[in-house]
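Below is one structure, written out as structure tokens, with a few remarks after it.
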Amino acid sequence: GAGVSQSPSNKVTEKGKDVELRCDPISGHTALYWYRQRLGQGLEFLIYFQGNSAPDKSGLPSDRFSAERTGESVSTLTIQRTQQEDSAVYLCASSLGSLRTQYFGPGTRLTVL
Amino acid sequence: EDQVTQSPEALRLQEGESSSLNCSYTVSGLRGLFWYRQDPGKGPEFLFTLYSAGEEKEKERLKATLTKKESFLHITAPKPEDSATYLCAVQINAGNMLTFGGGTRLMVKP
């Protein structure tokens, strides 16, 4: 079946611009996660959704980052006023429930010039 | 603070040369330990979940084991297509997200 999909696959933006990253989870997966992977570093948790609520936003690095989810479907991660340190691969994962195996999408590579 | 450390950072093997990757963890209440494989430019691909000390799981040339402090990913007679970064992650009782180690970059030469 279809896996987690993300779009765009690559995004180049100028410092100070806003960007939106999209994640389509596996159908039927109620839990959705966003992670960030900076060059040469491990994956960092950003935010977790159960349905369309976000009980854990503890990983969002600043108030420039926000995310929303429509029902148990698409999620968008928005970064406002992008900075060069936001350059990274943003990965989305989904799972059947909050304590089940997480399956990852291919990621969006964000480059802030 | 929950910590996950993987070693070595990089490992070069000849085809057929078996070895092990280590993932040591310090967490408050382990719910599960996960192994993923990540190829360049791609998202992590799920390999195994281990839940309790003594548990073992196998898939082709890979075998994952778990103790109370660490996990090993054993690679038997590796092939060049096993070259990838292997990621270890833990999920704790108090949370839902995964905490990842830094990964081991494995290179298998023919």
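The values are calculated or read from the model by the stated rules, or taken from the named source; none is laboratory data. Just so we're clear, the structure is a prediction, and the values are computed from it rather than from any experiment. Don't worry about glycine lacking a Cβ; one is built from the backbone with ideal geometry, like all the others, and counts go over all protein chains shown. With ligands, DNA and RNA removed, areas are computed over all heavy atoms of the protein, side chains included. Shrake-Rupley method; radii C 1.70, N 1.55, O 1.52, S 1.80 Å.
Summary table below
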read-out	value
The stretch A:5-22 residues that are surrounded by fewer than 11 Cβ atoms within 10 Å (Cβ to Cβ), paired with ones that are part of a loop (DSSP other than H, G, I, E, B) (beta carbon under 6 Å, 6 or more apart)	A:Glu14/A:Leu113; A:Gly16/A:Arg81
Qualifying positions in the stretch A:37-53 - within 11 Å of another protein chain (Cβ to nearest Cβ) and open to solvent by less than 30 Å² (accessible area, probe 1.4 Å)	A:Gly42, A:Leu43, A:Phe45, A:Leu46, A:Ile47, A:Tyr48, A:Phe49
Pair list, Cβ under 6 Å, 6 or more apart: the stretch B:29-47 residue free of Cβ contacts under 8 Å to residues at least 12 places away in the same chain, other residue in a strand (DSSP E or B) and hydrophobic (A, V, I, L, M, F, W, C)	B:Gly43/A:Leu91; B:Gly43/A:Phe104
Test: residue in the stretch A:82-105 that is part of a strand (DSSP E or B), away from chain B (no Cβ under 14 Å) and closer than 25 Å to A:Ser53 by Cβ	no
Only one of A:Ser66, A:Ser73 that is among the small types (Gly, Ala, Ser) and closer than 30 Å to B:Thr5 by Cα	A:Ser66
Candidate set from the stretch A:59-75 (those that are in contact (Cβ under 8 Å) with a residue 40 or more places away in the chain and open to solvent by less than 30 Å² (accessible area, probe 1.4 Å)); member that is nearest to the other protein chains (Cβ to nearest Cβ)	A:Ser75
Residues of the stretch B:51-69 that turn out to be surrounded by fewer than 18 Cβ atoms within 10 Å (Cβ to Cβ) and touching a residue at least 24 places away in the same chain (Cβ under 8 Å), as a count	1
So A:Asp56, is it free of Cβ contacts under 8 Å to residues at least 12 places away in the same chain, open to solvent by 20 Å² or more (accessible area, probe 1.4 Å) and away from every other protein chain (no Cβ under 11 Å)	no
Residue count, the stretch B:70-93 (criterion: buried (at least 18 other Cβ atoms within 10 Å of the Cβ) and farther than 22 Å from B:Thr5 by Cα)	1
Unique match (being within 14 Å of chain A (Cβ to nearest Cβ), within 29 Å of A:Gln50 (Cβ to Cβ) and not hydrophobic (A, V, I, L, M, F, W, C)) among B:Glu55, B:Glu45	B:Glu45
Filter result for A:Thr78 (more than 19 Å from B:Pro44 (Cβ to Cβ), of a type in the set (S, T, N, Q) and assigned to a strand (DSSP E or B))	yes
Selected residue (criterion: surrounded by the fewest Cβ atoms within 10 Å (Cβ to Cβ)) from residues of the stretch A:23-36 that are of a type in the set (Ser, Thr, Tyr) and within 14 Å of chain B (Cβ to nearest Cβ)	A:Thr30
Conditions (1) within 10 Å of chain A (Cβ to nearest Cβ); (2) modelled with pLDDT under 95: number failed by B:Ile92	(1)
